[in-house]
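Colleague: Sending over a structure as structure tokens; questions will come in a sec.
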Amino acid sequence: MQLDIDFVRQQFPAFSEPSLKGCAFFENAGGSYACGQVIDRLTRFYRERKVQPYAPYRASRLAGEEMDEARRRLAALLNVEEEELSFGPSTSQNTYVLAQAFRQVMRRGEAIVVTDQDHEANSGPWRRLEAEGIEIREWKMDPETGHLDPAALASLLDGKVRLVCFPHCSNIVGEINDVAAIVQMVHEAGAAACVDGVSYAPHGLPDLGALGADIYLFSTYKTYGPHQGVMVIRRALSEALPPQGHFFNDRPLYKRFTPAGPDHAQVAACAGIADYLDALHARHFGANPDPAARARAVAGLMRAHETRLLQPLLDWARGRGDLRLLGPAEAAVRAPTVALELDRPGEKVAAELAAHGIMAGGGDFYAVRALKALGIAPEKGVLRLSFVHYTTEEEVARLIRALDLVL
């Protein structure tokens, strides 16, 4: 079954917006377009429910119910308990809060493993704990390919390691890491696993029950929603860590690691993400009462479409001798986030592409450590071309033609 791309694009107001006509969007790794279901919910909340939630009067009661609905439905799609999912202002801030919780329970000399493949969100907050006497060990990727070899992780694991932090996929390299296998290795070593899913979740919400990660983080503004961060902490770990919110909010679990109240309207609007994914499922597969099964089916549909569109772009990049493609050249093992090292700054080439109606990005993308590890000067950066399932075959062909012109 192929994705009904016309139906998909009808769900996104951006594709009927006159000011965007003639533009092809290839910076989705920085943030996706919002689906209409999210926009409608956000607008309704600001018009009808913009009051303090959870009071007994109608507007307040409905506001609280919509916030609870968002958490309940996203948790069900991710195959986790409702209380295990919480919202925060961003993935970076969510990770910072988690790092403070681990700082309180870890002893001097114990260790945390981070990678040099990560975006800074799941690296920097943990590295700062070195100043508290916690050992930071780095799981290094291959400097040529960007691959994270699990065998290299095995040599870092011992009885001192309490936590291993790694990405589901890098926002530069794009290769999809085998999360389930890595998590199993981490658990066998007696440690917990914290997975940054920011660059993976836009391509289909993962089944967190199957992956087994203790912590999973992603950003809803990259999954067709508002600017919020989602943090899933499985119950056993959540109960073992000290709460970071107000002392009277240590129950329920979803309030333990939220120092301040998140944006109520944006939390409520996140139910629109579930609306959209369910609409996709109904269009292609019909009814299914199991939310996690619906999410898996839709994720497979998205991945198949993206993989089909991605391979020609990778083949084009591999066929040129004047650039370096970062990460694998096989679409089946990576996300459609393609970073290219060129003979000039990526930001400059992105500006040249804009003249051809191509919206792309250039720079370091908060992956400074990853670029340095790959031998690329962060100030030079890369050109990043990223798309999701609402991208069309014609847009990819148009991108390749524009690249040929500017390069």
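Colleague: Let me confirm something: among ALA265, ALA304, ALA269, ALA282, which residue is open to solvent by 10 Å² or more (accessible area, probe 1.4 Å), more than 25 Å from CYS23 (Cα to Cα) and not basic (Lys, Arg)?
Modeller: After ruling out the rest, the residue left standing is ALA282.
Colleague: Any residue in region 279-307 that's within 11 Å of MET1 (Cα to Cα) and modelled with pLDDT of 95 or more: show its pairings with residues that are assigned to a helix (DSSP H, G or I) and of a type in the set (Val, Ile, Thr) at Cβ separation under 8 Å, as long as the two are six or more apart or on different chains.
Modeller: From residues that are within 11 Å of MET1 (Cα to Cα) and modelled with pLDDT of 95 or more, the pairs are HIS284/VAL298; HIS305/ILE5.
Colleague: One residue is enough: does region 254-275 have a residue meeting the conditions among the charged types (D, E, K, R), under 23 Å from GLN37 (Cα atoms) and assigned to a helix (DSSP H, G or I)?
Modeller: Taking every residue of region 254-275 in turn, at least one turns out to be among the charged types (D, E, K, R), under 23 Å from GLN37 (Cα atoms) and assigned to a helix (DSSP H, G or I).
Colleague: Anything in region 336-350 that is outside any loop (DSSP other than H, G, I, E, B) and more than 20 Å from the chain's Cα centre (by Cα)? List them, or say none.
Modeller: LEU340, GLU341, GLY346, GLU347, LYS348, VAL349, ALA350
Colleague: While we're looking at this one, here's another question. Can you tell me which of GLU352, GLU393 is open to solvent by 40 Å² or more (accessible area, probe 1.4 Å), within 25 Å of VAL8 (Cβ to Cβ), among the acidic types (Asp, Glu) and in the same structural domain as PHE12 (by the TED database)?
Modeller: Going through GLU352, GLU393 in turn, just one is open to solvent by 40 Å² or more (accessible area, probe 1.4 Å), within 25 Å of VAL8 (Cβ to Cβ), among the acidic types (Asp, Glu) and in the same structural domain as PHE12 (by the TED database): GLU393.
Colleague: Select from region 87-96 the residues that are part of a helix (DSSP H, G or I) and crowded, with 19+ Cβ neighbours inside 10 Å and list them in ascending order.
Modeller: Passing the criteria: THR91, SER92, ASN94, THR95.
Colleague: Identify the residue in region 120-169 that is open to solvent by 40 Å² or more (accessible area, probe 1.4 Å) and under 13 Å from ARG369 (Cβ atoms) and, among all such residues, is nearest to the chain's Cα centre (by Cα).
Modeller: This residue is GLU120.
Colleague: Now for a different question. State the number of residues belonging to region 33-45 that are polar (S, T, N, Q) and without any contact (Cβ under 8 Å) to a residue 40 or more places away in the chain.
Modeller: The qualifying residues number 1.
Colleague: Just the residues that are open to solvent by less than 20 Å² (accessible area, probe 1.4 Å) and in a helix (DSSP H, G or I), please, taken from region 98-115.
Modeller: Once the filter is applied, which keeps residues that are open to solvent by less than 20 Å² (accessible area, probe 1.4 Å) and in a helix (DSSP H, G or I), region 98-115 yields LEU98, ALA99, ALA101, PHE102.
Colleague: Quickly run through region 196-245 and pick out the residues that are of a type in the set (Phe, Trp, Tyr) and not in a loop (DSSP other than H, G, I, E, B).
Modeller: TYR216, PHE218, TYR221
Per-residue answers, yes or no, for (1) open to solvent by less than 40 Å² (accessible area, probe 1.4 Å); (2) in contact (Cβ under 8 Å) with a residue 60 or more places away in the chain; (3) more than 25 Å from GLY88 (Cα to Cα):
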position: ASP6; (1), (2), (3): no, no, yes
position: GLN10; (1), (2), (3): no, no, yes
position: SER16; (1), (2), (3): no, no, yes
position: GLY31; (1), (2), (3): yes, yes, no
position: ARG47; (1), (2), (3): no, no, no
position: PRO53; (1), (2), (3): yes, yes, no
position: SER60; (1), (2), (3): yes, no, no
position: GLU66; (1), (2), (3): yes, yes, no
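The values are calculated or read from the model by the stated rules, or taken from the named source; none is laboratory data. If you're wondering where the values come from, they're calculated on a predicted model, not measured in any experiment. Cβ: placed from backbone, ideal geometry, glycine included. Neighbour counts: every protein chain shown. Ligands, DNA and RNA are stripped out before the accessible areas are found, and what is left, the full protein with its side chains, is counted by its heavy atoms. Shrake-Rupley method; radii C 1.70, N 1.55, O 1.52, S 1.80 Å.
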